[in-house]
Structures are given as structure tokens and as C-alpha cells.
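In what follows, a structure is listed as C-alpha cells, so that the remarks can point back to it.
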Amino acid sequence: MSSKPADPMPMPPPPPPPPSAPSAPISGATRAAIDQGVPLFLDGDIARSSPGSASPYLIDEANFYRIFAVGDARRALADRLRAALETLETHCRFQAMLVGGSMLDLNVQAPRDLDAVVFYAAQDGVASPTIAEALSRLTEASKAHGLDLRFVPTDASPLITIKAACYFAMLYASDRADVAARKGALLITRGR
């Protein structure tokens, strides 16, 4: 009889949602994108697009949870994401997060996983090897809970951050099976 190996770093229970987390107003472009299923370009119009009106669309955490964490399966993934971000705060400061994949398709009631790239900066006084080890453990633990998390530093070379942001935005826009089904992404910020 085989037993399942223990999680390399068990996920803490998700924190309770904030009672009434204030959320920023959603921009017209982001609202339109959500209504259209988060396309790469609003109305498919590349010629009239700009960074402010195309993927990734900006949304804060509170609105992301309110809109995309609907139903048991989606809420469970979002709660696990929230718990992972709480764990991250031990060594790093959350800067922003790029989310893509089936979590953004509201027609999918039970996404298989939640794909996200978390941009972070080191907490003051925390050594890089400590952060690397913690992020490695968090990445592995998250996989067991339906989260496909990647982590990108914002306090390293700007080229690392820019290259990673471009790569993951293109990756999330890809659909191997159906080119016509390519989706955009959301860039999630903390309400400030």
C-alpha cells in the first residue's frame, strides 16, 4: 500500500475574505473585456487598441475575487491563491499578479487550475537564498492545490521583469488547440 507523500510546504488555510474589501472602480476597458470574455483586444480591433485598452487588463484583487471567484470550485482556487499570497508575504512584498487561463473564462464552472505569475520584491533584510528556497517550496505546495504559480522579482534587473512579463502574457494568450480561442490576461493589483 502506498501513501501519498506529505506536501513539501503545506498551504495554510485561506484567510477569511475581508468583510467588505474596498475595491477600486473597474475601468471601462476592463469592464468591456470581462463582458467579452477577456479577449486579447476589445472587439477584436487591433488597429484601435492601446496598452490601456488591450490585454492585460487592470483589475484590483477585490474585484478579481468578486467577479471570478464564483461557485465552489472557483472560490476554492481563489481562496488557495489568497493563502499562497499570504505565505509569500513572509519573505516578499506582493507587487502585482498576471492571471490567465481558464479561470478567466466564466463559462468554465470548474477550472482545472489557476495560472498566475506573481511579481514580488524582497522584504527588507531577507537574503536571496532564503527567498529562493521559500518560493521553491511555495511553488511545489501550490501545484498540489491547483495553483500554477510562477514568481518574478521586480527588484532585480528590469530586463528580467520585462522579459518575464512579456513571455507570460504571450503564454497566457496562447491556446494550443484553438487559435481562435486565444484569451487575454488580467493584471491584478492591490487596491491603493
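Just so it is clear, none of the values below were taken in a lab; they were calculated from the coordinates. Just so it is clear, the structure is predicted and the values come from calculations on it, not from any experiment. No Cβ is skipped: glycine too gets one built from the backbone with ideal geometry, and neighbour counts run over all protein chains shown.
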Would you mind checking which residues have amide H under 5 Å from His91's amide H? H placed 1.01 Å from N; only 5 or more apart, or other chain. none
Are there trypsin sites (Lys or Arg not before Pro) in region 95-168 that DSSP marks as loop and that have at most 14 other Cβ atoms within 10 Å, and which are they? Arg112
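Just in region 46-103: which GluC sites (Glu not before Pro) are loop by DSSP and have at most 13 other Cβ atoms within 10 Å? Walk me through the numbers before you get to the answer.
Values: sites: Glu61, Glu86, Glu89; in loops: Glu89.
Sites meeting the loop and neighbour criteria: Glu89.
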Evaluate the Kirkwood expression for the hydrodynamic radius of region 51-189, namely the inverse of the mean inverse distance over all pairs of different C-alpha atoms, and round to one decimal in Å. 15.5 Å
Label-point separation, Arg137 to Thr161 (7 Å along Cα→Cβ), nm: 2.7 nm
